Amino acid sequence: MNISIYCGSQTGKNPVYIEKAKELGEQLAKAEIGIVYGGSNIGLMGAIADQALLHGGRVIGIMPEHLQKREVAHLHLTEIYIVDSMHTRKAKMADLADAYIALPGGCGTLDEYFEIFTWAQIGLHTKPVILYNINGFYDALILHFEKMLDDGFIREEQRSILQVATSVDDIFNILSANHDEIIKVANLTK
Ligand code: AMP
């Protein structure tokens, strides 16, 4: 099983973000769940990758050619794909994963999260899309979903795509609730 991780190219000011990112990297490695991510060694992205590798995990990076310098490609990944564009990166990350998790991050993270969210919304996939709400970082965004629902811009079935985790245990619970689907998808991609 592989999970795509979307998260900041920076670490954030509060050390809790990097601590929780590292914990997730370690726990995914121990659960033998592969990580698919942007492929750089900076920010929360680099922290998760390093920690997963340290614990024997499988980490696959997808790096667009033109970002290789700016994002600093991680040189010790299990596998790295150098692709021609951001669009190819996002498509490859989407293809390789059986579930998606967004950690705290900036506009790039939100873009990636909402793209995969809206792909679920229009039926392009049925994989879990998890928002990892570390330190209440996404509280305001979660509230905004209520506003969109109340004001009639999304329907309940669209809002139900939103799955919020506040711990690694929550993440594993969400993944096991979708276990059949995940196993099915994993078998199809072998
Ligand atoms: P950020 O959350 O802005 O720190 O960015 C996190 C990740 O999102 C990095 O790997 C960026 O390359 C990626 N990213 C940044 N901008 C975009 C964008 N416009 N579209 C897709 N991904 C992006």
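Is it true that some residue in the range 148-155 is touching a residue at least 12 places away in the same chain (Cβ under 8 Å) and open to solvent by less than 50 Å² (accessible area, probe 1.4 Å)? No, the range 148-155 contains no residue that is touching a residue at least 12 places away in the same chain (Cβ under 8 Å) and open to solvent by less than 50 Å² (accessible area, probe 1.4 Å).
When the range 46-85 is filtered for residues that are assigned to a helix (DSSP H, G or I), open to solvent by 70 Å² or more (accessible area, probe 1.4 Å) and either within 12 Å of the ligand (Cβ to nearest atom) or not aliphatic (A, V, I, L, M) (or both), the ones remaining, listed by number, are D50, E65, H66, Q68, K69, R70. For the range 108-127, taking the residues that are in contact with a Phe, Trp or Tyr (Cβ under 8 Å, 6 or more places away or on another chain), in a helix (DSSP H, G or I) and more than 8 Å from the ligand (Cβ to nearest atom), the one that is farthest from I42 (Cα to Cα) is identified as I116.
Can you say whether V16 is surrounded by 20 or more Cβ atoms within 10 Å (Cβ to Cβ), touching a residue at least 12 places away in the same chain (Cβ under 8 Å) and at negative phi, as far as the supplied structure shows? Criteria not met by V16. Residues in the range 132-169 that are in a helix (DSSP H, G or I) and either within 18 Å of L44 (Cβ to Cβ) or aliphatic (A, V, I, L, M) (or both): I134, N135, G136, A140, L141, I142, L143, M148, L149, V168. Across the range 33-45, the qualifying residues are those that are closer than 16 Å to I101 by Cβ and surrounded by fewer than 23 Cβ atoms within 10 Å (Cβ to Cβ), and the one among them that is nearest to the ligand (Cβ to nearest atom) is G34.
One residue stands out among those in the range 86-107 that are out of contact with any Cys (no Cβ under 9 Å at 6 or more places or on another chain) and within 20 Å of H144 (Cβ to Cβ): the one that is nearest to the ligand (Cβ to nearest atom), which is G106.
Could you please let me know if L77 is farther than 19 Å from A31 by Cβ and in contact (Cβ under 8 Å) with a residue 12 or more places away in the chain? Considered against the rule, which asks whether it is farther than 19 Å from A31 by Cβ and in contact (Cβ under 8 Å) with a residue 12 or more places away in the chain, L77 comes out as no.
The values are calculated or read from the model by the stated rules, or taken from the named source; none is laboratory data. Please read all numbers here as calculations on a predicted model, not as lab measurements. Quick reminder, even Gly has a Cβ in these numbers, built from the backbone with ideal geometry, and neighbours come from all protein chains shown. Each accessible area value is taken on the protein alone, full model and side chains, heavy atoms only, with ligands, DNA and RNA left out. Shrake-Rupley method; radii C 1.70, N 1.55, O 1.52, S 1.80 Å.
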